[in-house]
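**Q** My questions all concern the structure below.
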Amino acid sequence: MNTQNFKINNEKSIVEWTGRKITGAHNGTIGIKEGTFSFKDNQLSSGTFIIDTRSIKILDIEDAETNAQFAGHLASDDFFNSDQYPESIFQIKHAEPGDDHLYYVTGDLTIKGITHPVDAVLKIATQENTATVQSKIVLDRTKYNMKFRSGNFFTDLGDTLIYNNFDLNINLVAEAAENNF
């Protein structure tokens, strides 16, 4: 059995996020701290990646003071509680290969110490020493105790309501690890 291991290059990898509210949306990026993927006989067999919740950036707010206030709010307990939970982790539990370099993946996502199963479709392109992984995952923030201005928990929010679902567009670049066999 041939195993190939890849280590995520956090300098080349990024997660783009979009959160929506009644009056519009906000978007930004969040960095990858580290991660690995393994292939057995050229099929994805396992993987883990860790998101650095302290690296959240807001791209659509140009005013520096407003941007800093919003970033601080996202880092607060209303959202990611980055001081207490500086990492969010996605761990692949099962991967089923599909056509066109797609994998149907089931994994566990842990945010704020709360773990839920997540299904995702990963597009993985491998070349000799590099693997790129792309996916879009839509998450319900309230499952991870992010209830701020959620219509599920508060009434009469009017145009201050924030939708529960947010999008993560994942773009990972991984390089072959030296311990392949």
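The values are calculated or read from the model by the stated rules, or taken from the named source; none is laboratory data. None of these values were measured; they are calculated from a predicted model. When we count neighbours, we look across all protein chains shown, and the Cβ atoms used for this are built from the backbone with ideal geometry, even at glycine. What goes into the accessible areas is simple: the full protein's heavy atoms, side chains included, and nothing from ligands, DNA or RNA. Shrake-Rupley method; radii C 1.70, N 1.55, O 1.52, S 1.80 Å.
**Q** What relative contact order, as a whole-number percentage, does segment 13-54 give when Cα pairs under 8 Å and 6 or more residues apart are counted?
**A** 32
**Q** Extending each Cα 7 Å along its Cβ direction at THR66 and LEU102, get the distance between those two points in nm, one decimal.
**A** Between THR66 and LEU102, the label points sit 3.9 nm apart.
**Q** With Cα Rg over 2.2 N^0.38 Å defined as stated, name the option among [x] 0.98; [y] 1.10; [z] 1.04 computed from the structure displayed.
**A** Of the labelled values, this structure produces [y].
**Q** Could you give me D for segment 65-127, from Stokes-Einstein at 4 °C and 1.567 mPa s, where the hydrodynamic radius is the Kirkwood radius over C-alpha pairs? Units µm² s⁻¹, please. Before the final figure, lay out each step's value.
**A** Details: Rh = 13.9 Å.
Answer from the Stokes-Einstein relation: 93 µm²/s.
**Q** For segment 1-85, compute the orientation-averaged projected area of the C-alpha convex hull (one quarter of its surface), in nm².
**A** With the hull built on Cα positions only, its mean projection is 7.4 nm².
**Q** Of LYS21/LYS112; LYS112/LYS136; LYS33/LYS112; LYS12/LYS147; LYS93/LYS147; LYS21/LYS93, which ones are farther than 24 Å apart at the Cα?
**A** Check vs 24 Å cut-off fails for LYS12/LYS147; LYS93/LYS147; LYS21/LYS93.
**Q** At 0.36 nm per residue, minus the direct Cα-Cα distance, what do ASP77 and ASN165 gain on full extension? Give it in nm, one decimal, please.
**A** That pair, ASP77 and ASN165, stretches by 29.9 nm at full extension.
**Q** Considering the zone a paramagnetic label at LYS136 would reach in this model (a point 7 Å from Cα along the Cα-to-Cβ line), which residues of segment 18-32 have amide N under 19 Å from it?
**A** Residues 18-21, 24-30 fall inside that zone.
**Q** I'd like to know which of ALA95, GLY31, ALA64 lies farthest towards the positive end of the charge dipole of the chain, counting +1 on Cβ of Lys and Arg and -1 on Cβ of Asp and Glu.
**A** The listed residue farthest towards the positive side: ALA95.
**Q** Rounded to the nearest 500, what is the chain's calculated 222 nm mean residue ellipticity when only DSSP H runs of at least 4 contribute -39500 (n - 2.57) each, over all residues?
**A** Working: 1 runs with 12 residues, N = 181.
Mean residue ellipticity, 222 nm, calculated: -2000 deg cm²/dmol.
**Q** Using a 1.4 Å probe and counting only protein heavy atoms, arrange ARG141, ARG54, ARG20 so the residue with the most accessible area comes first.
**A** ARG54, ARG20, ARG141
**Q** What full-extension length gain, to one decimal in nm, is calculated for THR23 and LEU59 as 0.36 nm per residue of separation minus the Cα-Cα distance?
**A** 11.2 nm
**Q** Ok, one more. Quick check for me: using +1 on Lys/Arg Cβ and -1 on Asp/Glu Cβ, what's the dipole size of segment 7-123 about its Cα centre, in debye to the nearest 20?
**A** 220
**Q** Here is a further query. Using a probe of 1.4 angstrom, how much of the accessible area of the chain is carbon and sulfur, in percent?
**A** 46
**Q** Could you work out the relative contact order of the chain, using alpha carbon pairs under 8 angstrom and six or more residues apart, expressed as a whole percent?
**A** So the answer I get is 26 percent.
**Q** Quote the FRET efficiency, to the nearest 0.05, computed for THR115 versus ASP41 with a Förster distance R0 of 30 Å and r equal to the Cβ-Cβ distance.
**A** 0.55
**Q** Do you know the relative contact order of segment 1-90, to the nearest whole percent, from alpha carbon pairs under 8 angstrom that are 6+ apart?
**A** This gives 25 percent for segment 1-90.
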